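A.B. asks: Take this structure first; my questions come after.
Bear in mind these aren't lab numbers, they're just calculated from the coordinates by the rules spelled out. Keep in mind the model is a prediction, meaning the values are calculated, not measured. Glycine also receives a Cβ, built like all others from the backbone with ideal geometry; neighbour counts cover every protein chain displayed.
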Amino acid sequence: MDVNKIREDFPILKRKINGKRAVYLDSTATSQKPRAVIDAIVNYYENFNANVHRGIYRLSEEATDLYEKSRENIGRFIGARSDSIVFVRNTTEALNLISYSYGRFLNEGDEILTTIMEHHSNIVPWQFLGRKGVKLVFTDINEDGTLNIDDFINKIGKRTKIVTVTHVSNVLGTINDVRELSKIAHDHGAIFIVDGAQSVPHMPVDVEKIGADFLAFSGHKMLGPMGIGVLYGKRDLLESMDPFMGGGEMISEVHTYGSTWADVPLKFEAGTPNVEGAVGLSAAVDYLRSIGMEEVRNHEKGLVSYSLERLGEINEINIYGPRDPEKRGGVISFNFRNIRSERISEHLRKEGIMIHPHDVATILDMDSVMVRSGHHCAQPLMERLNIPASSRASFYIYNDRDDVDSLFDALKKVRGVLKI
Amino acid sequence: MSNDIYMEFILENYRNPKNYGVMDNPTVKKSGANPLCGDDITIYLKIENGKIQDIRFTGKGCAISQASASILTEMVKGKDLEYVKSLGENDLLSALGIELSPARLKCALLSYKVLKDALSGF
Ligand SMILES: Cc1ncc(COP(=O)(O)O)c(C=O)c1O
């Protein structure tokens, strides 16, 4: 994989910030976009824009064709047929759709089993079902940040109706063995939902192989535009569910006092859809395919190994999550902890202070190294790790070892800037 | 206003905060947090004869939030309640003397919010 050549494809990476090369290490939050994606969107608006599924005229037919071909292409990317691909805005909307439309099948006393490493978008929608007495149960993690399988097995039972798990943690980087979890879930008669926001962009994912009944992911984290995401669902499940929203596009017939629904997947796509987004995401999928998802995964594995090594050289840095690159996606969260500098007052020194991730991010930004700091929309996990926040660096196809070195060099300056 | 947010005055208050620590038998004690950052601050006040006789704080957070709390306690210690209540956000910000981005403004004002909250009954 030729990173220099790939970087050429991303206009934004040519930008200098404070006169320095931009070192973008926040692809977990959102990825940058290649020229091919930007061009596909421009081409759509310059040559094909019309509302879809409505017009009888040529342009509308062409727009509809582009929209549906995009669906097919994106479906193929995850090993799914196009009629099980629902376009949504993002992972969050996909998970809310399931909670709303499938959640109706759950009753008081039923349980939803998830994990303590979830993003808020795979927690809050399930809390909504608490109103009708559905209980949310969290699987714990081991000390190394992997999922505690024994705890998972202990907590699953005949009340468990839904198991919903992130494929890759956006904080720990942990890659969960979703295939195994799927087997256990299905053995207990539960459906199995995968939050693929951090896996589909970074590794080969096939819905059949991982045994997902539903899979949610966001276009903007995989080189595509913002505002487009995907809910994959098993066809019979999607068919059994009521619509999420009502309006145009999702109906078959509307009468004054009642309506019937369009077939899946349009049943779940009320209103004018994000055609630009679908077309852009389809171009992103083509781009990723041209590199190869195995290649993407191997590249990130290499970068993670290298950064675990380099960050490990800084004594006071504490890294969260698995040390084994086989078990970790391209994400590294860390903190400067237990600083007992002579320069800090005695009572602070006794406890040892943590340099706050905001200060770390601000200082790195002085060298145009962009990392995330905060709770990463995973407050329950922060609580479990007993930290208020962390810094996080994440990698994608346009990052290389130079970026890791820039991160390392900037991190070495942190204590100096704070004179601590 | 300096655009070096880590200038010596701020760092000094971060590393060696004034009035840091728990107070026994305070007149009021109030805590507040900034969940987005994970900053939290607790302020203890001893109020007598319409004056803030003593003030202490504990907390964890970024250099800006901790330094700001330290500087705020110095601004109000021994002062009349009337005066303290008349202090606005800008008084604290000009005492800090640094240029802050909107995200960092929240850090800087956390202690101010907690203090105002603590004094709301007086
Ligand atoms: C694991 C995980 N799930 C869900 C989401 C939510 O994605 P979106 O904001 O695109 O809905 C994210 C985004 O940070 C994530 O990392």
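A.B. asks: Rounded to the nearest 500, what is the protein assembly as shown's calculated 222 nm mean residue ellipticity when only DSSP H runs of at least 4 contribute -39500 (n - 2.57) each, over all residues? Walk me through the intermediate numbers first.
C.D. replies: Details: 20 runs with 211 residues, N = 542.
Rounded to the nearest 500, the figure is -11500 deg cm²/dmol.
A.B. asks: I would also like to ask the following. Summing +1 for each Lys or Arg and -1 for each Asp or Glu, what net charge is found among the other residues whose Cβ lies under 15 Å from the Cβ of B:N3?
C.D. replies: Once all neighbours under 15 Å are counted, the net charge is -3.
A.B. asks: Moving on. How much of the DSSP bridge set in the protein assembly as shown is antiparallel, in percent, rounded to the nearest 5? It would help to have the intermediate numbers written out before the result.
C.D. replies: Numbers: 48 of 69 bridges.
Antiparallel bridges: around 70 percent, rounded to the nearest 5.
A.B. asks: Tell me the net charge near A:S240. Cut-off is 14 Å between Cβ atoms, A:S240 excluded, with +1 for each Lys or Arg and -1 for each Asp or Glu. Mind showing how you got there, number by number?
C.D. replies: On the way: positive: A:R104, A:K161, A:K234, A:R235, A:K267; negative: A:D213, A:D236, A:E239, A:D242, A:D263.
Counting the neighbours of A:S240, the net charge comes to 0.
A.B. asks: Follow-up question, since we're still on this one. In nm, to one decimal, how far is the A:K412 label point from the A:A36 one, both placed 7 Å along Cα→Cβ?
C.D. replies: 3.7 nm
A.B. asks: Quick check: the distance between the Cα centres of segment B:95-117 and segment A:337-399, to the nearest angstrom?
C.D. replies: Distance between centres, Cα-based: 20 Å.
A.B. asks: Within 10 Å of each residue's Cβ, count the other Cβ atoms and sort A:H119, A:H53, A:H376 from fewest upward. Walk me through the intermediate numbers first.
C.D. replies: On the way: A:H119 21, A:H53 17, A:H376 24.
Ordered from fewest to most neighbouring Cβ atoms within 10 Å, A:H119, A:H53, A:H376 come out as A:H53, A:H119, A:H376.
A.B. asks: Hey, could you pull the Cα Rg and Dmax for segment B:3-118, both in Å?
C.D. replies: Values for segment B:3-118 (Cα only, Rg and Dmax): 13.2, 40 Å.
A.B. asks: Just want the ordering: B:E48, A:E316, A:E300, A:E383, from fewest to most Cβ atoms lying within 10 Å of their own Cβ.
C.D. replies: Details: B:E48 9, A:E316 16, A:E300 24, A:E383 12.
Ranking B:E48, A:E316, A:E300, A:E383 by Cβ neighbours within 10 Å, fewest first, gives B:E48, A:E383, A:E316, A:E300.
A.B. asks: May I pose another question? Label points 7 Å out from Cα along the Cβ direction at A:E208 and A:E383: separation in nm?
C.D. replies: Simple spin-label model gives 4.2 nm for this pair.
A.B. asks: What ³J(HN,Hα) values, in whole Hz, does the Karplus curve 6.51 cos²θ - 1.76 cosθ + 1.60 give for segment A:380-388 when θ = phi - 60°, with x put for Gly and Pro?
C.D. replies: These are the phi-based 3J(HN,Hα) values: x, 5, 4, 4, 5, 7, 6, 10, x Hz.
A.B. asks: Kindly state, to the nearest 0.05, the FRET efficiency for A:N107 paired with A:D150, given R0 = 41 Å and r defined as their beta-carbon distance. Walk me through the intermediate numbers first.
C.D. replies: On the way: r = 28 Å, r/R0 = 0.69.
Efficiency computed from Cβ-Cβ geometry: 0.90.
A.B. asks: Okay, moving on. Once you place label points 7 Å from the Cα toward the Cβ at A:K5 and A:Q127, how far apart are they in nm?
C.D. replies: Taking the two extended label points, one gets 4.8 nm.
A.B. asks: Give me the net charge for the shell around A:I112: Cβ to Cβ below 9 angstrom, other residues only, Lys and Arg +1, Asp and Glu -1.
C.D. replies: Values: positive: A:K135, A:K161; negative: A:D110, A:E111.
Result for the local shell: 0.
A.B. asks: Now for a separate question. Given a Förster distance of 56 angstrom, what is the FRET efficiency for A:K69 paired with B:N25, based on the Cβ-Cβ distance and rounded to 0.05?
C.D. replies: The formula returns an efficiency of 0.15 here.
A.B. asks: Along segment B:20-25, what does the Karplus equation 6.51 cos²θ - 1.76 cosθ + 1.60 (θ = phi - 60°) give for ³J(HN,Hα), rounded to whole Hz, x for Gly and Pro?
C.D. replies: 8, x, 7, 10, 7, 6
A.B. asks: Tilt of helix A:275-291 relative to the longest C-alpha principal axis of chain A, in degrees (0 to 90, nearest 10)?
C.D. replies: In chain A, helix A:275-291 runs at an angle near 60 degrees to the longest axis.
A.B. asks: Quick one: A:M1, A:M370, fewest Cβ neighbours within 10 Å first, how do they rank? Kindly include the intermediate steps, with their values, before the conclusion.
C.D. replies: Numbers: A:M1 13, A:M370 17.
Ordered from fewest to most neighbouring Cβ atoms within 10 Å, A:M1, A:M370 come out as A:M1, A:M370.
A.B. asks: So, one more: Evaluate the charge dipole of segment B:3-118 about its Cα centre and quote only its size in Debye, nearest 20, assuming +1 on the Cβ of each Lys and Arg and -1 on the Cβ of each Asp and Glu.
C.D. replies: Values: 15 positive and 15 negative charges, 65 e Å.
Here segment B:3-118 has a charge dipole of around 320 debye.
A.B. asks: Here's something else I'd like to know. Quick one: check the C-alpha center-to-center distance for segment B:14-69 versus segment A:113-183, whole angstrom.
C.D. replies: Rounded to whole Å, the Cα centres lie 38 Å apart.
A.B. asks: On the principal axes of its Cα set, how long, how wide and how thick is the protein assembly as shown? Give whole Å, largest value first.
C.D. replies: Projected onto the principal axes, the Cα atoms of the protein assembly as shown cover 79, 55, 50 Å.
A.B. asks: Right, next: Which cross-chain or sequence-distant (5 or more) residues have an amide H under 5 Å from the amide H of A:A22, H modelled 1.01 Å from N in plane?
C.D. replies: A:I17
A.B. asks: Can I ask one more? How large is ³J(HN,Hα), in whole Hz, for each residue of segment A:32-47 in order, when computed from phi with the Karplus curve 6.51 cos²θ - 1.76 cosθ + 1.60 and θ = phi - 60°, using x for Gly and Pro?
C.D. replies: Along segment A:32-47, the couplings run 7, 10, x, 3, 4, 6, 4, 5, 5, 5, 4, 4, 4, 6, 7, 10 Hz.
A.B. asks: Also, I was wondering about something else. Kindly express, to the nearest 10 degrees and within the range 0 to 90, the angle between helix A:293-312's C-alpha long axis and the longest C-alpha principal axis of chain A.
C.D. replies: 20 degrees
A.B. asks: Note down the magnitude of the dipole of chain A about its Cα centre, charges +1 on Lys and Arg C-beta and -1 on Asp and Glu C-beta and zero elsewhere, to the nearest 20 debye.
C.D. replies: On the way: 51 positive and 58 negative charges, 205 e Å.
Approximately 980 debye in magnitude.
A.B. asks: Also, I was wondering about something else. If you line up the Cα atoms of segment A:37-290 on their principal axes, what length do they span on each, largest first, in Å?
C.D. replies: 59, 49, 25
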